[in-house]
Structure formats: C-alpha cells, structure tokens
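A short write-up of the structure that comes next.
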Amino acid sequence: MKTLFETIGFRLGRKAAQARNAFDLIGGTEEDSLRAEIRLGRDLAEALLERIPLAEENETTRFAAQIGCWLAANVRERKLPFSVRVTAEREPNAIALPGGSVFMSWPLLEMCHGERDEIAFLVAHEMAHIVRRHALDRIVKDAALSLLLRQTSGRHATSAWLSKARQQRLGGAYSRDNELEADAFAVALVRTAGGDALAGERLLEEVAQRVQSVGIAGDYFATHPPLGERISNLRAISHG
C-alpha cells in the first residue's frame, strides 16, 4: 500500500502539467490533503536538517519558537502544526515547508534585535507561504521530485531531491504576487495576535537603510520584491 507521500508522487507524474493547485494533485477530502501535506513537510524537514544544522538552543531561539506558537494560535484559515526553528546558517535566510515548519537563520533573527513584533512579521510572512499553499504548490509541481517519488520512498526521495537542489528550491524566490500577499498576511496576523502591525514596515525600512550604507542584505532579501516596493505595499495596507 502506497504512503500518502508516494501517492502524491504517483499522481504528480500523471497530472502535474494540468494541475492548478496542490489539492488537485492529491484529490480526496481536504482532511486527506492536509494529512498528506503534513507528512510531506515532515519528510522535507528531516531531510533538510541532515544538511543544515540548528543553532544551539538559547533564550533567543526559544523566544522565536514562542512567537511562532503565539502567531499559530491566531491563524484562522488552516490549522496546522506550526513550528519555528533557528538554523546555524551564516547568512540571513528563512524557509517555509508544507505542513507548518518554519526555519529562520540566526543572522536573520539577529537583524530584529530582539524586537518581538519584527520577528513576528518575518515568521508570519513564512507562515503565509504555508497557509496560502505557496510552499506546497512550488514543491509538489517540481518534476524532479515527482520522478523521485515514483521511484523510491518519501523520506529517501526528499533527501535525494534536496541533495540535487541544495536547498535552492526551498529558499528561492516565490512570485512577486506571492511575496506581497505574504507581507499583507503577516501584517494582518501580527495585528490579530495583538502585536504592532507597523513592525514589518519598520524592519524593512531598517534593512533598506542597511542596503544603502553597506550595500548588501543577503540573498534572502534579494529573492523578494524590491524593498521599496514592499515598504510601499505595507504603507498602503496600514493606511488603507
């Protein structure tokens, strides 16, 4: 009997070209879809952690995890087992996986200087990619992963795929519309949770100033729409 993860791969091989969203690939009930997504995310998270070490647990990493729980309690659209973990990568980075896992690098966390709501904006932005299925759609439509899923088990498939992709598919760019939608989602979620909805705008302004003075903000911000556009978008939301 095929696992849910293997079933996704089998159906992907037949339907990926025509699929409009991830749910079309799996079929069945929404509950079936959710279980499959969570399992896929867990396989990906395990494979990712074989390649990227976590930062040593400390007060700041625990604070980030607590912020994740605080935000997750206020997500109304989809009830997923969200988690936030901090990686020991050397550059600012964040990765959202289907099913609820969010990984933030230590340098990205440090850019927030311990400000709860700025961290919350970044976490909520990644949560948006999960809730709105951006992360799932991008991964399950990947032809290489589809082929591997049909040839081997879910855990081995994700591990082999990550070896070839070198995490670029997970941490690379979403579409401009996806990114701006994630920013809007993040502002709304932070506000709903009782935080400062302007924190994201302040954070991006600080990053923009850093880019002007130092000239670099890392690949994480380079894979997003221009900072000026994101800031304008957030201002339009806050004053709309």
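The values are calculated or read from the model by the stated rules, or taken from the named source; none is laboratory data. Keep in mind it's a predicted model, so treat the numbers as computed, not measured. Because the Cβ atoms are built from the backbone with ideal geometry, glycine has one as well, and the counts that use them run over all protein chains shown. Remember, those area values only see protein heavy atoms, side chains included, never the ligands or the DNA or RNA. Shrake-Rupley method; radii C 1.70, N 1.55, O 1.52, S 1.80 Å.
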Using modelled amide H (1.01 Å from N, peptide plane; none on Pro or chain starts), what sits under 5 Å from the amide H of Leu54, excluding residues fewer than 5 places away? Ala88
In whole Hz, the Karplus estimates of ³J(HN,Hα) for region 223-236 (6.51, -1.76, 1.60; θ = phi - 60°; x where Gly or Pro) are 7, 9, x, x, 4, x, 5, 5, 5, 4, 4, 5, 5, 5
Between Arg35 and Gln66, what FRET efficiency follows from the Cβ-Cβ distance if R0 is 30 Å, with the result rounded to 0.05? 0.65
Assuming R0 = 22 Å, can you tell me the calculated FRET efficiency for the pair Arg235 and Thr192, based on Cβ-Cβ distance, to the nearest 0.05? 0.70
Which percent of the accessible area of region 64-120 is formed by carbon and sulfur heavy atoms (probe 1.4 angstrom)? 50
Please give the per residue accessible area of region 44-106, computed with a probe of 1.4 Å over protein heavy atoms only, in Å². 47
